[in-house]
Amino acid sequence: MRRTRRARRAREGCLDSPAAASVSVALGAALLIAATALCSPELMTSERFGLRGGDGDASEEPPEVTNSSTLEARVPTVAFLILGYNNSIYPLWVTPADKVLIYVPPPTCFGCPPSVKCNPKASGPYVDAPEAWWCAQRMYLLGVQELLEKFPDVEYYFFADVDTVVFRESLTTLIQLLEYEVLKEGEDLYAGQGLTLDHAGDPTLGKFIMSGGGLVVRGLTLQKLLKNGTLDKCIEAMRGPWCYHHADWVLGECLATVRVQPTGHKAFHQYECDDYTSETMVACHPVKRRTVQRRMLQNRSETNSRTPWRRRPILGKSWARPCRKYDWRKKACIDDAEDKGEAQKRPVPSVAFMLWAHGEASLPSWASNDMHVLLSLQPGPPAQTADQAAQAVFSGGTQGEASGGDIVAEVQQRSWCKHRERFLGALKHLVQDFSQVDFYFLSSDTTEVFPEAFETLMQLLSQKVLGPAEDLYMGHVVIDPEQDMPNAYVALHEGILLRGHTLRQLATEEGLSKCAEDHESGQWCSLSVDQILARCLAQGMPPVRPVRPSGHPAFLHGHCAAGGGRNAGEAASEASSAAGPADGGHGVGVAVAAGRCAGAGGPELAELVEAQRALFARAVPWLDEAWAEAGGWHHAKPLGNRESLEGASPPDPDE
């Protein structure tokens, strides 16, 4: 009742004012029609909306809107204030569950004191706007007051006009990233497309956010206005020095009294909707015609559903945070090139693949024709009899006391060594054939790669995580306690991701010489090919820098192999309940590659692939640099029992 009486008193005050008393009922109606035609002629339709939206007493329910990419993480609560008119209806982007207030200001109100003059430099063409338009500006803070009283405990407030188009999937992502990734506890936020009026010659006018393009305010920020009567004082100032100030100016001025400053944001657009199909846009203005708004929402949905994930922008923390630097006159961010690139389609770094395959293997289903792939075939295990082995080794005779079994073992050892020698030769051929790529990916023919997550990881590593000369040797790390130091390596079956220059420096004649010496001496013949690679990278013989393995949870072990501990069905279940930011996850469960998938095949593998695609689609906003750089020894697994080594220290090669 207190809110109703206050609103009624405000309206009665307007009607009792001298300016309103001098205007006849007919003239007031004419001014209302003129103002409505000026501001939103196409929105004057026969579809009606109640004077107060969002509390169940509207004459029309909002349309059903389904967000196809809603994250499973909790979405912070949001309340919307929409500036409308007597016949305004719910915008098309509103859902039935939304907390919405459509504020309809009165068509007549109080006038300004004679001592207060309108600033033509600041107001521009609105100097001669009709009374109804000016009343919308002067009464706007009453709408803010009603919003705070109606929805006092929400975490964010969003301001828009009835001719603003809001893209809800992007807004949901933005709010989540702001809450969980960008803002600190207790930090204020008042953001959107900003403008400054410092050219108007009035020291009281400054920077503010234009509400037509949409603006977002953190709940704790706007709720400060209710303390110590701040908002009441701002409302009173509208009858005095702020009388000719526009609605969004006044909101900024009132927030400034509680030491909250505006911040520019590239996702909001006050004057155009040209790039509305891009997911980087949260809101744009003005779109008067409802049919045009509907077509824009449909076009954007269809465009994004047809666009491959690799071509879609990544909505990460850099996109969500307000601009570090902002040109308030040009109304645009002037952040460095790194941040500008965040709002564009990221180029995919180049990569060459080497598949260490058995027998007559062919390219896997995940490999496309435009990929750089070297299919290196290795021979099968030796299956010789003792006599054949003896003849192969001794050319028809025996030496000393060697038995047939010893001879077979020696032949198998030589074949094993030859097998490793071929692997080192294949690395050299890979670098020679693809000498300019950004990354190399080594795997077996039983590795399953998930292209969308794989490309996202490479993008983030190259653009956000790694320095220009920094090395990378990443994947599923295994520790073999039976081997001498260094005994940690990245498993080939789960995939090995290497920086381009990391492998190229090793694949030179000088770099491979030490590996070849140790190999020829027989010291490494008992090691697997991935262990040999780890030792080659770790030896640090000039010109090769020592490179240590870095573990990453996105290289999955045991999701495909029979008896590996988890099957594809369990992986799908795990993906469907994937962790979000609420429990500290940065894309938890998203896989770049999975090992030993050849034997799985059929429905189980298809289930895993589909589950990963669904998980990736939901987790895209959380796949940022924190997810990409999640390397370290705490992801290492010891050979044999595969138990986690949480908190384990990396082995010291000098010990």
| Among the candidates Leu461, Leu497, Leu457, Leu442, which residue alone is modelled with pLDDT of 85 or more, within 24 Å of the chain's Cα centre (by Cα) and in a strand (DSSP E or B)? | Leu497
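Just to be sure, is Val437 in contact with a Gly (Cβ under 8 Å, 6 or more places away or on another chain), hydrophobic (A, V, I, L, M, F, W, C) and surrounded by 23 or more Cβ atoms within 10 Å (Cβ to Cβ)?
Numbers: in contact with a Gly (Cβ under 8 Å, 6 or more places away or on another chain): yes; hydrophobic (A, V, I, L, M, F, W, C): yes; surrounded by 23 or more Cβ atoms within 10 Å (Cβ to Cβ): no.
When the stated conditions are applied, Val437 does not pass them.
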| request: Could you grab the pairs with beta carbons closer than 6 Å, sequence gap of 6+ or different chains, first residue in region 208-237 and under 13 Å from Gly252 (Cβ atoms), second one open to solvent by 20 Å² or more (accessible area, probe 1.4 Å) and assigned to a helix (DSSP H, G or I)? | output: Phe208/Asp248; Met210/Asp248; Ser211/Asp248
| request: Please determine, by comparing only the residues of region 315-344 that are within 21 Å of Val216 (Cα to Cα) and aliphatic (A, V, I, L, M), which one is modelled with the highest pLDDT. | output: Ala320
| field | Candidate set from region 197-218 (those that are out of contact with any helix residue (DSSP H, G or I) (no Cβ under 8 Å at 6 or more places or on another chain) and surrounded by fewer than 18 Cβ atoms within 10 Å (Cβ to Cβ)); member that is nearest to Thr280 (Cα to Cα) | value | Asp198
| Quick one: is Lys121 of a type in the set (D, E, K, R), surrounded by fewer than 22 Cβ atoms within 10 Å (Cβ to Cβ) and under 19 Å from Met210 (Cα atoms)? | yes
| said: Go through region 127-151 and report how many residues are among the acidic types (Asp, Glu) and free of Cβ contacts under 8 Å to residues at least 40 places away in the same chain. | reply: 1
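Those residues that are in a strand (DSSP E or B) and open to solvent by 20 Å² or more (accessible area, probe 1.4 Å), I need them from region 251-277; list them, please.
Of everything in region 251-277, those that are in a strand (DSSP E or B) and open to solvent by 20 Å² or more (accessible area, probe 1.4 Å) turn out to be Thr263, His269.
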| note | His419 passes all but one of the listed conditions (1) in a loop (DSSP other than H, G, I, E, B); (2) modelled with pLDDT under 85; (3) closer than 29 Å to Cys515 by Cα; (4) in contact with a strand residue (DSSP E or B) (Cβ under 9 Å, 6 or more places away or on another chain); the exception is number (1)
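Would you mind finding the one in Ala256, Ala283 that is hydrophobic (A, V, I, L, M, F, W, C) and under 21 Å from the mean Cα position of the chain (by Cα)? Can you show your working first?
Details: Ala256 fails: under 21 Å from the mean Cα position of the chain (by Cα).
On inspection, the qualifying residue turns out to be Ala283.
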| note | Quick count over region 103-152, residues being at pLDDT below 90 and within 16 Å of Arg239 (Cα to Cα), is 0
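Matching residues to (1) assigned to a helix (DSSP H, G or I); (2) under 27 Å from the mean Cα position of the chain (by Cα):
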{"position": "Cys118", "(1), (2)": "no, no"}
{"position": "Lys121", "(1), (2)": "yes, no"}
{"position": "Gly124", "(1), (2)": "yes, no"}
{"position": "Trp134", "(1), (2)": "yes, no"}
{"position": "Pro152", "(1), (2)": "no, no"}
{"position": "Phe158", "(1), (2)": "no, yes"}
{"position": "Asp163", "(1), (2)": "no, no"}
{"position": "Ile175", "(1), (2)": "yes, yes"}
{"position": "Glu179", "(1), (2)": "yes, yes"}
| Total residues in region 447-477, condition open to solvent by 30 Å² or more (accessible area, probe 1.4 Å) and either among the hydroxyl-bearing types (Ser, Thr, Tyr) or more than 28 Å from Leu315 (Cβ to Cβ) (or both) | 3
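Can you pull out the residues in region 203-243 that are among the aliphatic types (A, V, I, L, M) and in contact with a strand residue (DSSP E or B) (Cβ under 9 Å, 6 or more places away or on another chain)? First the steps, then the outcome.
Within region 203-243, the subset among the aliphatic types (A, V, I, L, M) is 205, 209-210, 215-217, 220, 222, 225-226, 231, 235, 237-238.
Residues satisfying the conditions are Leu205, Ile209, Met210, Leu215, Val216, Val217, Leu222.
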| Of the residues that make up region 534-543, is at least one over 26 Å from Gly316 (Cβ atoms), open to solvent by 30 Å² or more (accessible area, probe 1.4 Å) and at pLDDT 80 or above? | yes
| When only residues in region 82-102 that are open to solvent by 10 Å² or more (accessible area, probe 1.4 Å) and part of a strand (DSSP E or B) count, which is farthest from Arg138 (Cα to Cα)? | Lys99
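The values are calculated or read from the model by the stated rules, or taken from the named source; none is laboratory data. Values in this document were obtained by computation on a predicted structure and should not be read as measured data. Here Cβ is always computed from backbone atoms with ideal geometry, including for glycine, and neighbour counts include all displayed protein chains. Ligands, DNA and RNA are stripped out before the accessible areas are found, and what is left, the full protein with its side chains, is counted by its heavy atoms. Shrake-Rupley method; radii C 1.70, N 1.55, O 1.52, S 1.80 Å.
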